[in-house]
Amino acid sequence: MLPHINIVWFKKDLRLQDHLLLAQAIAAKQPTLLLFVFEPSMMVANDADDRHFRFMYQSIMQLQQALQPVDASIVIAHCEVIEALRILQQEYHIDTIFSHEETGNAISFTRDKAVAKFCKAQQITWKEYPTNGVIRRLKRRTDWNKKWLATMEQPQTIVDVAQLTSVTLKQETKELLFANPLPDSITSPNANFQPGGFLYAQKYLQSFRSE
């Protein structure tokens, strides 16, 4: 019988604090795998560029360092999301996937519909949380700004990652998820662009506030 796990699927929400779904996943008190997927279909889109994915990669690397003291890490996959989930199903029974709703393009929208269909077929609960005050499926924009402000004025969610029960994958599973390496243009720094990562975000925020 396969062991049961939950998954936190990171998208553009590459932070550990003010992260409601991560807090909810930890509160569930079940072994939880942290996952980020570099999706080939998204990476070749007309509105995508290596600089976007380099920023994400650098942000993930900082999170990996922040997670080391609690003996946790983010599993990185380089494939389509459903393929990653099928690979993980070979080792685990997935109970729940936690993720933020994505405000993206037609590719991410189509991807999300496919993931929803997959989860329903596999009896996986997918819990999506709104992000950045965006309310999807609104039929009217009346008072949208009031709804946005109400969200922005909520206190930040404090996350205690030390309470996370992390999952350690077998090496062969990691290799299946990351069978194709990322290009150097993503994994190598580029001095012409602002680097990714929450530490740099805090640094630049402070620089704006002090000027």
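General remarks:
- Residues within the stretch 51-67 that are open to solvent by less than 20 Å² (accessible area, probe 1.4 Å) and charged (D, E, K, R), tallied: 1
- Only a single item in (1) open to solvent by less than 90 Å² (accessible area, probe 1.4 Å); (2) at pLDDT 80 or above; (3) outside any helix (DSSP H, G or I); (4) of a type in the set (S, T, N, Q) is not met by Thr168, and it is number (1).
- The set of residues in the stretch 83-124 being in contact with a helix residue (DSSP H, G or I) (Cβ under 7 Å, 6 or more places away or on another chain), under 21 Å from Ala23 (Cβ atoms) and open to solvent by 20 Å² or more (accessible area, probe 1.4 Å) consists of Glu102 alone.
- Identity of the residue in the stretch 16-29, open to solvent by 70 Å² or more (accessible area, probe 1.4 Å) and in a loop (DSSP other than H, G, I, E, B), that ends up nearest to Val167 (Cα to Cα): Lys29
- Residues satisfying the stated conditions in the stretch 171-192, i.e. open to solvent by 80 Å² or more (accessible area, probe 1.4 Å) and either touching a helix residue (DSSP H, G or I) at 6+ places or on another chain (Cβ under 7 Å) or outside any loop (DSSP other than H, G, I, E, B) (or both): Gln171, Glu172, Lys174, Glu175, Leu176, Asp184
- Test: residue in the stretch 46-53 that is modelled with pLDDT under 95, among the aliphatic types (A, V, I, L, M) and outside any helix (DSSP H, G or I): yes
- Selected residue (criterion: surrounded by the most Cβ atoms within 10 Å (Cβ to Cβ)) from residues of the stretch 39-50 that are charged (D, E, K, R) and in contact (Cβ under 8 Å) with a residue 12 or more places away in the chain: Glu39
- Each residue in the stretch 78-99 was checked for being in a loop (DSSP other than H, G, I, E, B) and either over 16 Å from the mean Cα position of the chain (by Cα) or of a type in the set (S, T, N, Q) (or both), and 3 of them qualify.
- Being touching a residue at least 12 places away in the same chain (Cβ under 8 Å), hydroxyl-bearing (Ser, Thr, Tyr) and out of contact with any Cys (no Cβ under 6 Å at 6 or more places or on another chain) is a property that Thr103 has.
- Looking across the stretch 171-211, the residues that are under 16 Å from Leu14 (Cβ atoms) and modelled with pLDDT of 95 or more come down to Leu182, Ile186, Thr187.
The values are calculated or read from the model by the stated rules, or taken from the named source; none is laboratory data. If you're wondering where the values come from, they're calculated on a predicted model, not measured in any experiment. All Cβ positions, glycine included, derive from the backbone under ideal geometry; neighbour counts span all protein chains shown. Accessible surface areas use protein heavy atoms only, side chains included; no ligands, DNA or RNA. Shrake-Rupley method; radii C 1.70, N 1.55, O 1.52, S 1.80 Å.
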